[in-house]
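Throughout, read-outs are computed from the coordinates displayed, never taken from laboratory work. Source: prediction; values computed, not measured. Backbone-built Cβ (ideal geometry, glycine too); neighbour counts: all protein chains shown.
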Amino acid sequence: MICLHGLGDNSANYMSALATSLGWSTYFPNTIFVSPEAATTTSDFYAPVGGEAIIQKCIDFAMANYHIDSTDVILQGFSLGGRAALRYGLNNYAKFKGLLLNTPAIQGVKDALNQHPSYQYKYSNSRHIPIYITHGMTDAAYEPPIDSALKLMILNDGTVRYNDVPNLPHNIPSFKLMADALQFFDTTAHLGKELEVFELSVPARTCKASVTPSILIRNSGTDTITSAILTIMLNGQAQSLVWNGSLLPYQHAIVALPAVLASSGQNILDVKVASINNVKDTLTSANEKIDTFEYASRGISLPVSEGFEESSFPPPGWMLELAGDAYSPWSPDNTVAHSGSVSVGAFNTVLVFDNQGRAEGLLSPVLNLTTIANPQVSFYVAYNYHRYTPPYVTSTVDFVDTLDVLISTDSGATYTSLFRKAGADLATFADPIINPLSISADFIAPKDTNWRRYSVDLSHYAAAPEAIVKFSYISGLGGSIYIDDVNFAGPSAVQTSAPVTYGVYPNPATDRMTLVSAPGSRVQIAVLDVAGRQVLSAQGMTNGLGEFLLDTHNLIAGVYLIRASVGQTARTGKLIIRR
């Protein structure tokens, strides 16, 4: 086993950790471990150019000095060493029995999607070599890039098994949590019939009642799959689909599901494998996917204001359109605000992953622009960009981001840009941030004078009964931006922040959740499971702080639909329970 260490580590420490604290010399019997040293402290065995040749040198050394079975060589790597092992193993799959990758530190979703020409992963070769990947569930930064790489391997019929380990940070799990790796390298597929539902695709929001979802499935068993019955349940109403085809082990298929008719508001869609080759599915660990989506049956009448003061985020009716990486989406910030105590901000930096060119979207509710004359949207912005100068760079360079405000009148299928500014033109500070060398230095702390109000004319779309406005923050690796006090109204409207009428937190919840509204409000709550059955209910009044507590400790982990009536206002949303 060739073992590649991670960032800032060295071969001696890494070998000691594998042999002692992890006990691999016991769990991998009759195994010679060889751990090379990365040529630089970056731990990328491809830097400098040609550095990866040490991997072959290690194989040659082991072959020359020990009795090694040439068909039983495994390439292992942790963190950046795992990233290098993935690239080298896919490039040289014939040299190895398999790849054992413990949290391969793929440098962001852009890296995983092969958008760096100089650093490519040959995912098409994943079908030729068994790949076992572990990742800790609490290691949030690497989940999106690993998931993106995993999907591309599945689309290439890769022989890959993914082990998502609960309560594990950026580390290698104990052997008992990955003991199936040894058997996997000898017999890659599960014995018998196993159909995995890897992904359920459904639009996050639609303005049409009829929705046509799809699923990505793959055969992770040893038997060829020729048919399957899928149960499709929308808000507790079930229908079945008979799928016929031919999937050899680790082959995939994308299956279009029958159209479903949504209900106004939030909907829960549950797709599950009922039988395979006319036999009931008994291996159920990966045979089901659940997702939610919103059906906006009509646009909201203007005026509409949003100050992002709610306890829940996104606010009711708003949605996120994610670029992928965990650190960059729009999110609430209670340390920065134009008015009230909260604004919404997004962030990127040259100090983390390269996500240049990727866009984070914040989508408004569906708006009925016909309800007011000469509609417009106004908002406040605070932003600054970064400038690096020698000796940190060879010549002065600016890292600038772009704010693009767009509109859609076809449920988000297409957008038209209405407002676009970048860099110094967008900045609300007189001078850029010079040479930020830490994450904390990347952020801005705007004063009242660092907020700028913009108004964008929507009158060209005044006949649109279902319009969506998107605030898109396009990364140039330039720092942070904040938006506050968004107002959809006529040109003479007074800018106001939205009142706090409804909010649920925390979400995900564990033992309890809190609904927030005006003090003394009458509250009725119903929680429904994915089958549409009511599993919890409560009613009463909010306290003097506007809070109403709901005990959720008896709910099992999963996705639920929560319906809350506060006074004369009723809302439906998604509630997630985690244990």
For the chain, calculated [θ]222 nm from helices alone, where every DSSP H run of n ≥ 4 adds -39500 (n - 2.57): -3000 deg cm²/dmol
Ascending count of other beta-carbon atoms within 10 Å, so fewest first, for Leu575, Leu150, Leu283: Leu283, Leu150, Leu575
Distant-in-sequence amide H partners of Tyr327 (H built 1.01 Å from N, under 5 Å): none
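State the antiparallel share, in %, of DSSP beta bridges confined to the chain, rounding to the nearest 5.
Antiparallel bridges: around 80 percent, rounded to the nearest 5.
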Karplus-derived 3J(HN,Hα), 6.51/-1.76/1.60, for each residue of the stretch 54-60, Hz, glycine and proline x: 5, 5, 5, 4, 5, 4, 4
Rounded if a/c under 1.5, otherwise prolate or oblate - the stretch 2-186, Cα gyration tensor axes: rounded
All lysines inside 18 Å of Lys193 as judged from Cα atoms, apart from same-chain residues fewer than 8 positions distant: Lys272, Lys280
Per principal axis, descending, Cα span of the stretch 208-295 in whole Å: 43, 21, 18
Pairs from Lys176/Lys574; Lys97/Lys176; Lys421/Lys447; Lys470/Lys574; Lys289/Lys421; Lys208/Lys421 whose Cα-Cα separation, in the structure shown, is over 30 Å: Lys176/Lys574; Lys289/Lys421; Lys208/Lys421
Spatially proximal aspartates and glutamates relative to Lys122 (Cα-Cα < 18 Å; intrachain offsets below 8 disregarded): Asp44, Glu52, Asp111, Asp147, Asp157
Sorted by Cβ neighbour density within 10 Å, fewest at the top, the residues Ser328, Ser285: Ser285, Ser328
